[in-house]
2 protein chains.
Amino acid sequence: MLPTPFGALDEKSLSQMRYSIGDHVFRQGDTTKGIFFVASGGICLTRVTESGNSVTIYNAQTGDMFAEASIYSDHYHCDAICTAPSEVVRISKQAIQKQLREDTAFSEGITKRLAVQVQDYRQLLTLRAVKSANDRVLLAVELGKLTGSVTQFANQIGLTKEACYRALRDLSDQGLLTKTGRGRYAPTPRSEDRLP
Amino acid sequence: MLPTPFGALDEKSLSQMRYSIGDHVFRQGDTTKGIFFVASGGICLTRVTESGNSVTIYNAQTGDMFAEASIYSDHYHCDAICTAPSEVVRISKQAIQKQLREDTAFSEGITKRLAVQVQDYRQLLTLRAVKSANDRVLLAVELGKLTGSVTQFANQIGLTKEACYRALRDLSDQGLLTKTGRGRYAPTPRSEDRLP
DNA sequence: ATCCGAATATGATTGAAATCACATGTTACC
DNA sequence: GGTAACATGTGATTTCAATCATATTCGGAT
């Protein structure tokens, strides 16, 4: 099921797609055809800067939506690349624009979603501002950013994978993180104040 | 005059305020009272992370709005600090919520603004992902981020002022930037292909 | 007019992350 | 089963921005 407020849309405005690892859902510069929902799998949004650097903008996992801002853009400004075998629902741009005009609740839902996205980006910026690799990795893990591979995680938080592995090891040694498996780390539960 | 779609609002929902350098318009954690428009001056939005680092989120100049996403938040999640003697218009949160329910065009305008803000944050993230100080500074200047002081600029793009000054000098030496005055730099106009 | 604080500017040193290099482990596919 | 591709993990070296230090200039306040 699609997240609010997209449940209000007609079935005809949706198209189910399948992607394999490495497939492009869309490319930077493509004309916008709609916004997307990840039914299962993972889609990574990356942008190539003028200098040729590649930046991960967003790592959409199962249940996430992406390219929401494209309703008001003529073309996508990043690449959407499949990182795991994925089922993706495309929601037609025309249908959204029609619904926006006709359905107040739908419109409000969209606005709220965008507001949340703004806050998410702010969080990411806050994270990126942490200079120390160890502090950054710790904060990122605590924020639940380490879902997929460490390589992806490293890219998302703006570190090399090597620096990331080292930070994960250091933090585990310090007891701030607990290694729960190969490439799996979780915050060590803090001893909470409890009533006696 | 307020930017679209805020012209539709009643005069009663606006309050004009004056701030001096260093004044707080609001603080991180304050309950949200509305969103703001900079009639003149400059307001800097900074956020303090758990580790005590301070991040510049946004540098609102004359004609800019800020705290737009606060419509859907109970409290502000950053500090708004005045960086130049400023006249600021506060737009009541209640009035906005009322208008959102009653006026479709207003609602659409708000949504569009948020979509643009999402893109702005993406741009900032892209900028922050550039590792080389020189490349980052060049890109930032080309994006028109160097409006106020170099110190502010440095903070906004995530570099120390020293690194920033050095990059500005290097880029000027390389001819990629032109020094137009003390603390003033502009991109050197590229030789465009012209019809013969 | 001058005193103070902040911004501009640059040089020297240092420290931490990037880079390079490489070993092992895992998965998927022919 | 073999192997290709990629993720995990760590060590050695280099690089480049942060930091420390310091001089100068500018603007505002007294």
**Request:** Give the residues of segment A:108-118 that are open to solvent by less than 50 Å² (accessible area, probe 1.4 Å), within 7 Å of chain B (Cβ to nearest Cβ) and not hydrophobic (A, V, I, L, M, F, W, C), sorted by residue number.
**Result:** A:Thr111, A:Gln117
**Selection from segment A:160-180 of residues that are of a type in the set (A, V, I, L, M, F, W, C), near DNA strand C (Cβ under 9 Å from one of its atoms) and in contact with a Phe, Trp or Tyr (Cβ under 9 Å, 6 or more places away or on another chain)** = A:Cys164
**Prompt:** For A:Gln94, all conditions in the list (1) away from DNA strand C (no atom under 16 Å from the Cβ); (2) over 25 Å from A:Thr4 (Cβ atoms) hold save one; what is the number of the exception?
**Reply:** (2)
**Request:** Consider only pairs whose beta carbons are under 7 Å apart and that are at least six residues apart or on different chains; among these, list those whose first residue lies in segment B:152-163 and is within 12 Å of another protein chain (Cβ to nearest Cβ) and whose second residue is modelled with pLDDT of 90 or more and within 9 Å of DNA strand C (Cβ to nearest atom).
**Result:** B:Thr160/B:Ala154
**Fill in**
Only one of (1) free of Cβ contacts under 8 Å to residues at least 24 places away in the same chain; (2) more than 26 Å from B:Gln117 (Cβ to Cβ); (3) within 13 Å of chain B (Cβ to nearest Cβ) does not apply to A:Glu102, and that is (2)
**Search result, residues across segment A:146-166 that are under 17 Å from B:Lys131 (Cβ atoms) and open to solvent by less than 50 Å² (accessible area, probe 1.4 Å)** = A:Ala154, A:Gln156, A:Ile157, A:Gly158, A:Leu159, A:Ala163, A:Cys164
**Message:** Restricting to segment A:66-95, count the residues that are of a type in the set (A, V, I, L, M, F, W, C) and surrounded by fewer than 20 Cβ atoms within 10 Å (Cβ to Cβ).
**Reply:** 5
**Message:** Let me spell it out: the conditions are (1) facing another protein chain (nearest Cβ under 10 Å); (2) within 25 Å of B:Ser15 (Cα to Cα); (3) at pLDDT 85 or above; (4) surrounded by fewer than 21 Cβ atoms within 10 Å (Cβ to Cβ), and B:Arg128 meets all of them except one. Which number is the exception?
**Reply:** (2)
**Message:** Here is a list: A:Thr83, A:Thr56. Which entry is more than 10 Å from chain B (Cβ to nearest Cβ), at pLDDT below 80 and either assigned to a strand (DSSP E or B) or within 19 Å of A:Gln123 (Cβ to Cβ) (or both)?
**Reply:** A:Thr83
**Prompt:** Within segment A:131-139, is even one residue in contact with a helix residue (DSSP H, G or I) (Cβ under 9 Å, 6 or more places away or on another chain) and at positive phi?
**Reply:** no
**Message:** For segment A:43-57, check the following and say yes or no: at least one residue is over 30 Å from B:Ser132 (Cα atoms) and either more than 16 Å from DNA strand D (Cβ to nearest atom) or among the aliphatic types (A, V, I, L, M) (or both).
**Reply:** no
**Request:** Report whether or not A:Gly63 is open to solvent by less than 50 Å² (accessible area, probe 1.4 Å), closer than 20 Å to B:Val118 by Cβ, in a loop (DSSP other than H, G, I, E, B) and more than 14 Å from chain B (Cβ to nearest Cβ).
**Result:** yes
**Prompt:** Which members of segment A:70-80 meet the condition of being within 12 Å of chain B (Cβ to nearest Cβ) and either free of Cβ contacts under 8 Å to residues at least 12 places away in the same chain or touching a Leu at 6+ places or on another chain (Cβ under 7 Å) (or both)?
**Reply:** A:Tyr72, A:Cys78
**Item:** Options B:Thr111, B:Thr4, B:Thr46; residue that is at pLDDT below 90, out of contact with any Pro (no Cβ under 8 Å at 6 or more places or on another chain) and assigned to a strand (DSSP E or B)
**Value:** B:Thr46
**Prompt:** Can you tell which of A:Asn134, A:Asn155 is away from DNA strand D (no atom under 12 Å from the Cβ) and outside the structural domain of A:Ile35 (by TED's automatic domain parsing)?
**Reply:** A:Asn134
**Failed condition for A:Leu143, given (1) away from every other protein chain (no Cβ under 14 Å); (2) more than 12 Å from DNA strand C (Cβ to nearest atom); (3) loosely packed, with under 15 Cβ neighbours inside 10 Å** = (1)
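The values are calculated or read from the model by the stated rules, or taken from the named source; none is laboratory data. Keep in mind that this is a model prediction, so the values were computed, not measured. A quick note on method: Cβ atoms are made from the backbone with ideal geometry, for glycine too, and the neighbour counts reach across all protein chains shown. Ligands, DNA and RNA are excluded from the accessible area calculation, which covers all protein heavy atoms including side chains. Shrake-Rupley method; radii C 1.70, N 1.55, O 1.52, S 1.80 Å.
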